[in-house]
Amino acid sequence: MFKQCIFLFLLCFLLPNFSLTSTVANELTYKQLEQLHEAANNGFIEDDDGFIWLGTQRGLLKWMGEQLILYTPENSSIIGANISAIVQGDNGVIWVGTLDGGLNKYDKLTNKFVHVQGKGSSSVNSIGGWRKTQPLAFVNNNELVFVSDQRLIHFKKDTFTEIPLDDDKQILTGAVFCQEKECWFGIEGALVLLDLNTHKTTVYPYQSTSEHALSINKIIKIDGMLYIATQYRGLLQFNAQTTKFSTLIPYQNKPITNFVYENIKQQLWLIHSPSIGLTQFSIRSGLVESHFSSASDLNPLSDIRLSGLLFSKRKQLLAFTLGGDLGAIEPKLFTSITKQSDLGQGLISNNIRPIYQTKDGTIWLGTKSEVGLHHYDEATKRFIPFADPKASMPYVIYEDSSETLWLASLDGSLSALDSTRTKVEEYFSLNAKIGDIVEHATNPSLLWLATYDKGLLLFDKNIGLVEQFQHNSELASSISSNFILKLLYVDQELWLGTMKGLNHYNEITHEFSRYEKKLPSENKILNLLPEESGKIWVVNDSNGIDLFDPKNETFEEKFTNVGFPIKATEQDDKGNLYGYIIKKGLFKFNTLTETFHIYGKEYNLPLSFWLVAHHKMFNGDMWFGSQYGLTIFNPENLSKKIEVNKVYFTRLNQNGHPIETDTAYEKLTSLSLDWQNNVLEFGYVGKFSHQSKEINYRYKMEGVDASWFYTNYTQGRYVGLDSGNYLLRVSMKVNGQWSSAEQEAQLKIVISTPIWRLWWPQLLMLIIFIFIIVVVSYSIIAFCQNRTLKKDVYLDPLTGCYNRRYLQNTLSKLDERLIHRKSISSDSAAYAFLFFDLDNFKNVNDEYGHDVGDIVLQHFAKVLQSQCRVGDTLARWGGEEFVMVCQVNSKSSIPEICQRMIQTICNKNVSISESTLLEYTCSIGAISYPDEEQLNAQSAEKIASVLSDFALYQAKEKGRNTWCVIETTSSLDSTDLHDLNHDKVQQLISERKLNLIHP
């Protein structure tokens, strides 16, 4: 909230012009833009590219919208860190004065500071003083005037010239202002004019009886008049034609340390020391306003100690605080009024129901209380309760064409106030809850009443209720529901919003037409608003807003799926819609661009806002009422025009570290990167625009991206860029309009090429590659040929099994493995040697011929192959004999394997003709492969073949189609296996060194 602080002789003039709506419109708030973490010192400018420069005690700050850079002697070429003044010169040059280094010049095209030492007899080591004034002024080109160690210095053509004063005892106060070829500066007790051509000075003393002499902090010239901020004399005006001083704002123990001129409204914004709020002075009217904020505000101005002000090209009032923050002072978007607030004095309750402004400008509202009706009294600045009990708890307020004020209460009554609007003149008990009132389009003596339970009522102001229209389920032309929330006339046609759809009333036929949507919730209509082309905005309870065309009788969905119910809605002069979305906040729906913006808890708005009251005032202010009081805002403050402008790069990083360039980022046109570090992180911002939800950006790397990438953020990143030339483009979009090609930020990116991608290394690599291809191809051909040869050598052509040669080679390798293996017990893993022989195979050849014999052998081989596991070896030993070598868990499992093999083969037969199936059997002789200790470097293959052959012979003796297994015992010695034959095997069996096992 704020209090007006003006001259006593203007007080009587200002009070009559005060109003509640103007008070709300002038409220200000502080919005932090950046936390700088630097103590404020002096110097606060905006350059031609829209970037903010601030002087601190530790260096020079450059704020680029979303990127902050601090220039210090440690990280740049600036001399001196304690900044005292900043001005912008021609061609974007920034002049920087320091207390500990003198004068510096910064050029964006070189991205470097140059310490200006100058020629002449005068040296400059410090600019300004302990007081934060205006010690540096730019004239033109490379010409400056500034204060250095109580000397006035004129810098021109790289030469420092000290301006002699008439009296050596005169004390410079530090403020300098130059325009064309004349400069104004302050000395103690006077204002001085300097002619830059002749260096002649003219002193204009300030006559005062005060103990404090005139001490000037800042000077500005507007329309030929000088405005002077002083330490002890307030705000002064000096007329150079009459050489007269006049006081605009008296001292009042508040030194004016700084001010800034806003050319749009032709007013000065002033800050004091100590800073208590902000003072606003209108040059046109001479009015003074002092702005404060209440303790309940999120950002009260009274808590902000201002150091510098700047009215930027963004049309923002920027503030630099003593605490080291950069912020914006702007009109408060939303004002809350409750019975506890200063603006809500006199309110009986915070539960606001109807809100209305009558033709005479009086604001009326109802609250949910016994004394419910209030009006705002401009004289006492209070809400005045209406004492008549017949006006308690009004739900609807309506003024007809005869300026009679009607009230509908929750108790089902309808009342009319008298002409003085101090008491209820007429009272009607209708026993109906009225939700809306509209005067008849052609008969002003009639009122339409929308009710929540009795349908539509037609009321005659003279005689009372005339007619009632209710829903009839058997009559299609009746109203669709008795629950009606809104009435609207469009071209003298009456439309109704009911809980079961949109209705139109035909006053000739007295019939209703119904217009419904598919979902029941979409037919719960909360509000109707006119659209300029004759269409109707329909607000439903299904989270959306539709546009209904009466001509085509169609709904067009415009604003849907917001997630929560939309409650109250209002319309501004431009046709935009405003309302509340439960649990989200207030929304604005731009009907031109069909976009919406939500204002939520960041504006201290209650999210559980169950609105039941809303009204647009004559000045355009929107008033919304709820159980939490009033929320007021002006749509113009929510519709600040942001123009499409030039986009600049503000940040160029690699892996989080800034890229060093010889040109400032905003002036950079090309960038070269090494192929080994081909990552680019970049930031950007639109000129004179801050980050806003109304601004969209897009960027594209030509040569990488096929299409634009759209975003609301001001940063992007590319990783793994290939060698080559690219063009990075960034543009901004405001109100549906994108930046032109000239306004885009464009940066040529060159990624270096590694040495191996040059032509001669590539040729060398091609030769090496061809050589490798030739060598590899030859090796593959040789391998394939060798593999084919091995296949012919090791495979039996008839059965496809390995042959005896392959088996012998495999067994020799197995011998080597067994020799180096540790001894194992009888139950340890072992290898089994199985010798298969077809029974009576000679008879098959003799009876059916060798072709059938071959078929039987092939079939027998397939059966054996099907029983092999991974790692087992099957080979044709010769004729009808086959050998299988397989690993077993223990020697004791070999008989079981043999039995399974016999059973498998017995169940098989082979087809030798279409009608003949031939059955065959086999015999098996098996042994456990000899242990390494028993072998003692003897041939395991020879021993295994002799023993298995003996076992096979025994199986044949037992009648064929059976098996026999020879098992070694622990008493068997390696010498027993020398010169092994059938007779010796028989002997070893008889000596029980070998066991013969039968089924």
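Counting 0.36 nm for each residue step from H850 to K574 and taking away their Cα separation leaves a gain of 88.8 nm.
Its Cα centre serving as origin, the chain has a Cβ charge dipole (Lys and Arg +1, Asp and Glu -1) of approximately 1920 debye. Between Q32 and T72, the contour length at 0.36 nm per residue exceeds the alpha carbon distance by 12.0 nm. Only DSSP H runs of four or more residues enter the estimate; each adds -39500 (n - 2.57), and after division by the residues of the chain the mean residue ellipticity at 222 nm equals -4500 deg cm²/dmol. Given R0 = 56 Å, the distance between the Cβ atoms of V203 and L109 translates into a calculated FRET efficiency of 0.85.
The modelled label-to-label distance between N995 and S812, using points 7 Å beyond Cα along the C-beta direction, is 3.5 nm.
Surface composition of the chain: carbon plus sulfur atoms hold 49% of the accessible area, using a 1.4 angstrom probe and ignoring ligands, DNA and RNA.
Of E182, E532, the residue with the largest accessible area leads and the full order is E532, E182 (1.4 Å probe). For the range 647-753, the C-alpha radius of gyration sits at 1.04 times the compact-globule guess of 2.2 N^0.38 Å, with N the residue count.
Per residue, the accessible area of the range 337-638 comes to 43 Å², computed with a 1.4 Å probe over protein heavy atoms only. For Rg/Rh (Cα atoms, Kirkwood Rh), computed directly from the structure shown, the correct entry in [x] 1.20; [y] 1.30; [z] 1.06 is [y]. Across the range 596-605, rounded Karplus estimates of 3J(HN,Hα) from the backbone phi angles (6.51 cos²θ - 1.76 cosθ + 1.60, θ = phi - 60°) give 9, 10, 10, 10, x, 5, 5, 9, 6, 8 Hz, Gly and Pro being marked x.
Normalised by residue number, the volume inside the convex hull of the Cα atoms of the range 36-171 is 105 Å³ per residue. Full extension of the segment from V775 to K733, taken as 0.36 nm per residue of separation minus the current Cα-Cα distance, would add 9.1 nm. Remark on K500: its backbone amide H falls under 5 Å from those of I525, a criterion applied only to residues 5 or more positions apart or on other chains, H modelled at 1.01 Å from N. Can you give the relative contact order of the range 38-254 as a percent, counting alpha carbon pairs under 8 Å and 6+ residues apart? Relative CO of the range 38-254 lands at 10 percent. Rounded to the nearest 10 degrees, what's the angle between the helix 804-819 long axis and the longest principal axis of the chain, both from Cα atoms, 0 to 90? Tilt of helix 804-819: around 70 degrees. Once backbone amide H atoms are built at 1.01 Å from N, L494 has Y505 as its partners under 5 Å, excluding neighbours fewer than 5 places away on the same chain. Computed from the C-beta positions of D491 and K558, the FRET efficiency with R₀ = 22 Å rounds to 0.55.
Using R0 = 41 Å, the C-beta based FRET efficiency linking S429 and E636 works out to 0.40.
Projected label points at K908 and W756, each 7 Å from Cα along the beta carbon direction, are separated by 5.5 nanometres. Give the residue from S779, A450, Q357 lying farthest towards the positive end of the charge dipole for the chain; charges sit on Cβ (+1 for Lys and Arg, -1 for Asp and Glu) and the dipole is referred to the Cα centre. Of the candidates, Q357 comes out farthest on the positive side. Taking every protein chain into account, the accessible area of the range 38-254 amounts to 43 square angstrom per residue (probe 1.4 Å). Of the beta bridges in the chain, as assigned by DSSP with both residues counted there, near 95 percent are antiparallel. Between T916 and K791, the modelled label-to-label distance comes to 3.4 nm, taking each label 7 Å out from Cα in the direction of the beta carbon. Look at where the Cα atoms of the range 383-461 and of the range 482-546 average out, and the two centres are 22 Å apart.
The values are calculated or read from the model by the stated rules, or taken from the named source; none is laboratory data. Only a predicted model underlies this, so the values are computations on that prediction, with no experimental measurement involved. We place every Cβ from the backbone using ideal geometry, glycine too, and count neighbours over all the protein chains shown. To get the accessible areas, we keep the full protein, side chains included, count just its heavy atoms, and leave off ligands, DNA and RNA. Shrake-Rupley method; radii C 1.70, N 1.55, O 1.52, S 1.80 Å.
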